[in-house]
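A short write-up of the structure that comes next.
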Amino acid sequence: MTSANAPDPATLLRRFEARFGKSAHLGHATGTASDASAALFYAPGRVNLIGDHTDVTGGLVFPCGIDRGSHLVIRRNDERRYRFASTDFDLFGDLGEDEISQRWGDTWINYPLGVIDQLRRRGIDIDGVDCLFAGNIPNGAGLSSSASIEVVTTFALNTLFDAGLTPIEQVRLARAAENDFVGMQCGIMDQFAVAMARDGHAMLLDCTTLEHRQVPLRLGGNALLVTNTNQRRELNESAYNTRVEECARALALLAPVLGVTQLAEVGEADLQAHEHLFADDPDALARARHVTSENARVRLAVPALESGDVARFGELMNASHESLRHDYQVSSEPLDTLVALARAQPGVLGSRLTGAGFGGCTVTLLAADRIDAFIDRVGRDYRQATGLTADFYRIHPGPGVMQVELPARGRA
Ligand code: GLA
């Protein structure tokens, strides 16, 4: 099991100063960029418990923040330089103003760059920053490491530059960074979850209205375990975008007859009654079938959990996986293998892929006292079946984006 330990603020500040130098002009009047001191921010990753691939069509999702995330030590500079370093990667970007409106190769630096780009489009002048990121979310595993970086950057810049954006505006901006700059046509779930997560809770979010309700995660004697397939994800972005287009085609067929503006407004019975419209587009029908049935499952799953029926919640997780596998077609051999192995273990109530799919992670709901035996058995059988080694993460629902105190030395 990999460690969830995050570096402590003093260590982060030391590493920041080793990279960028100590804060200049400490003790001078604040308010100008050259007096700026470093500040520390944090945003978690997220795991989605049920309701996947519904957000892009305005549907329902039920994610929670996790106790792993991204830290950002950041300081304004008055040099109109944009510097990005990470404790996890060697890559270091030192960019001038003329370089920040284009992608920086195919690197993680595009996430903060996308945020700066969005802020500038809104007329907020970001006149130079030094940034050190440190994260402990496994990358590319479907736990929203990218949304975590986007949201922590948005929150930090909003604070440092007094941009005055509301929390929802920040969520929208972080998503726009991903859509417009990075090029992934994702929905709003990840950025919303990472920003709004609350300790011990999952949130039921309506992705059309952005109305949300925090639901205490009372699982009885059960726990959440995330398992990473460690499968190399290929074509993830383009396959994701293709599914989004297929949903748009389904909407185009249904909208004129049903008078809807989003696929999320279509019920299962309505879809069934209009299947004949899809004679030439079976893929669009299958995607729509997933979206409508997944919304229905979220509607059932959350009240089940609230009334203490954890077993029912687990059954709906299982059904969600089958729908993602057969109708939305975003599962993979390793994901299906992990889910099948998980469901065969004693004490397991439900198991499904979580997030975008095409590799990444599963989330399993199981008796807390079975976790060690589960890891042992599933780890071994998965290796035997696939030749891959899985990683396991116990998940505790954690808080959303925040500023974190730095030791006094870092403050003016
Ligand atoms: C990715 C996207 C989200 C959502 C999930 C699937 O994480 O970023 O917007 O669509 O996939 O539920």
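The values are calculated or read from the model by the stated rules, or taken from the named source; none is laboratory data. These numbers come from a predicted model, not from an experiment. Methodologically, a virtual Cβ is constructed for each residue, glycine included, from the backbone with ideal geometry; neighbour enumeration extends over all protein chains shown. All accessible areas refer to the heavy atoms of the entire protein, side chains included, with ligands and DNA or RNA removed. Shrake-Rupley method; radii C 1.70, N 1.55, O 1.52, S 1.80 Å.
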Next item on the list: Kindly report the accessible area of region 46-141 per residue (heavy atoms of protein chains, probe 1.4 Å, no ligands, DNA or RNA), in Å².
Entry: 32
Margin query: For a bin width of 20 Å, list the pair-distance distribution of the chain built from all Cα-Cα distances, rounded to whole %.
Written below: 27, 54, 18, 1
Checklist line | Cα centre as origin, Lys/Arg/Asp/Glu Cβ charges: the chain dipole, Debye | finding: 1060
Margin query: If I model a spin label as a point 7 Å beyond the Cα along the Cα-Cβ vector, how far apart are those points for residue 405 and residue 372 in nm?
Written below: 3.6
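Determine how many Å³ per residue the convex hull of the Cα atoms of region 61-216 encloses. Intermediate results must be reported in sequence, preceding the final value.
Working: hull volume 17.1 nm³, N = 156.
Given the Cα convex hull of region 61-216, per-residue volume reads 110 Å³.
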Item checked: Residues of region 242-286 with amide N under 18 Å of the 7 Å Cα→Cβ point at residue 209 -> 260-267
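In square angstrom, what is the accessible area per residue of region 188-335 with a 1.4 angstrom probe?
Numbers: 6530 Å² over 148 residues.
Heavy-atom accessible area per residue stands at 44 Å².
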Margin query: At 0.36 nm per residue, and after removing the present C-alpha to C-alpha distance, how many nm does the segment from residue 121 to residue 262 gain when stretched out fully?
Written below: 48.0 nm
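Per residue, what volume in Å³ does the convex hull of the Cα atoms of region 245-346 enclose? Can you show the working numbers first?
Details: hull volume 10.9 nm³, N = 102.
Hull volume normalised by residue count: 107 Å³.
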Item checked: Dipole of region 163-222, positive direction: furthest Cα of 201, 186, 170, with charges on the beta-carbon -> 201
Note to self: Let's test the formula: R0 of 41 Å, r as the Cβ-Cβ distance of residue 162 and residue 304. What FRET efficiency results, to the nearest 0.05?
What the structure shows: 0.40
Check: Where the accessible area of the chain is counted over protein heavy atoms with a 1.4 Å probe, how much of it, in %, is carbon and sulfur?
Finding: 48
Margin query: Name the residue from 313, 263, 277 whose Cα lies farthest towards the positive end of the charge dipole of region 222-316, charges +1 on Cβ of Lys and Arg and -1 on Cβ of Asp and Glu.
Written below: 313
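Starting from 0.36 nm per residue, how many nanometres of slack lie between residue 22 and residue 242 once their C-alpha separation is accounted for?
Numbers: separation 220, 0.36 × 220 = 79.20 nm, distance 4.72 nm.
Working it through step by step, the gained length comes to 74.5 nm.
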Item checked: Residues with amide H under 5 Å from that of residue 86, placed H, sequence gap 5 or more -> 133
Next item on the list: Calculate one ³J(HN,Hα) per residue across region 218-224 by plugging θ = phi - 60° into the Karplus curve 6.51 cos²θ - 1.76 cosθ + 1.60, and present them in order as whole Hz with x for glycine and proline.
Entry: 9, 10, x, x, 9, 9, 9
Check: Counting only the backbone N, which residues of region 336-359 are under 19 Å from the spot 7 Å out from the Cα of residue 385 toward its beta-carbon?
Finding: 336-355, 357-359
Check: According to the Kirkwood expression over distinct Cα-Cα pairs, how big is the hydrodynamic radius of region 198-313, in Å?
Finding: 16.7
Next item on the list: Enumerate the whole-percent occupancy of each 5 Å bin, from 0 to the last occupied one, for all C-alpha pair distances of region 336-405.
Entry: 3, 15, 25, 25, 14, 7, 6, 4, 2, 0
Note to self: Quick check: net charge around residue 77, other residues with Cβ under 9 Å of its Cβ, Lys/Arg +1 and Asp/Glu -1?
What the structure shows: +1
Check: For region 268-279, what does the Karplus curve 6.51 cos²θ - 1.76 cosθ + 1.60, with θ = phi - 60°, yield as ³J(HN,Hα) per residue in whole Hz, taken in order and with x for Gly and Pro?
Finding: 4, 5, 4, 5, 4, 5, 10, 4, 4, 5, 9, 3
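Given the Cα-Cα distance of residue 79 and residue 296 and 0.36 nm per residue of separation, how much length would full extension add, in nm? Show your work: numbers first, answer last.
Details: separation 217, 0.36 × 217 = 78.12 nm, distance 5.28 nm.
Length gained between residue 79 and residue 296: 72.8 nm.
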Item checked: Burial ranking of peptide ranges 112-121, 286-295 (average Cβ count within 10 Å, highest at the top) -> 286-295, 112-121
Next item on the list: Would you please give the residues with an amide H less than 5 Å from that of residue 398, counting only those at least 5 places away or on a separate chain, with H modeled from the backbone geometry?
Entry: 65, 66, 67, 200
Notebook entry, point to check: Roughly what angle does helix 110-121 make with the longest principal axis of the chain, taking Cα atoms, 0 to 90 degrees, to the nearest 10?
Noted result: 70
